[in-house]
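Enquirer: This is the structure I want to talk about, given as structure tokens.
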Amino acid sequence: MNQLSFLNTSISKEAKRQAEKLMSRYKVLDALIESRKLDLEPRMTQNPEPSEIQRGNQFYSSVENTVMTEFEIEEYVRTKRKLSLIYDSLKPEQQKIWDHRYINGKYDTDVHYDLDIRRRTYYRLKREMVAIVAESFGFNENKISGTK
């Protein structure tokens, strides 16, 4: 019996698109986290942003801005950690597919030729992998509840 036979690998196109987008951003998440952390550090040079007097009638709160940035950082860290757990739990072939397809940006045909995997096996492994990511992030909730 296949290890993932309990997992429904048929997902909606929207869920597949969201999962694949997230998988391709896996490599960039560290840079996003670090750049947001740098935004929180105090600046020693003069700030080019207008002062409170120059802002006019618009609302601005530096504390609120800082808190929102911290929430973004937490969300990026949580997403990165979840993707790392998923990546580590995949089969070695699926990890290679993830690396070649989503991190290196190669096309599907190039990946299954480079890895010397049959086309049918490649797409089955890829479908399972994308379904796991979609399921983990709840992208397929509407399809699951609509089928019951």
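Enquirer: Using only the alpha-carbon atoms of region 64-142, report the extent along each of the three principal axes, biggest first, to the nearest angstrom.
Expert: Here the spans come out as 52, 28, 20 Å, largest first.
Enquirer: Taking a threshold of 25 Å on the Cα-Cα distance, which of the pairs Lys37/Lys126; Lys21/Lys126; Lys13/Lys37 fall above it? Don't skip to the answer; put the middle values down first.
Expert: Numbers: Lys37/Lys126 34 Å; Lys21/Lys126 14 Å; Lys13/Lys37 34 Å.
Check vs 25 Å cut-off fails for Lys37/Lys126; Lys13/Lys37.
Enquirer: Between Thr69 and Lys37, what is the spin-label point distance in nm, taking each point 7 Å from the Cα along the Cα→C-beta axis?
Expert: With each label placed 7 Å out from Cα toward Cβ, I get 1.4 nm.
Enquirer: Turning to a different aspect of this structure: For region 116-132, just list the computed ³J(HN,Hα) in residue order, Karplus coefficients 6.51, -1.76 and 1.60, θ = phi - 60°, integers in Hz, with x standing in for Gly and Pro.
Expert: My calculation for region 116-132 gives 6, 10, 4, 4, 5, 5, 4, 5, 5, 5, 5, 4, 4, 5, 5, 5, 5 Hz in order.
Enquirer: Take Tyr107 and Lys13, extend 7 Å from each Cα along the Cα→Cβ direction, and tell me the distance between the two endpoints in nm.
Expert: Going from the Tyr107 label point to the Lys13 one covers 2.1 nm.
Every read-out reported here was derived from the displayed coordinates using simple, explicitly stated rules and does not represent laboratory data. Please read all numbers here as calculations on a predicted model, not as lab measurements. Positions of Cβ are backbone-derived with ideal geometry, glycine not excepted, and every protein chain shown enters the neighbour counts.
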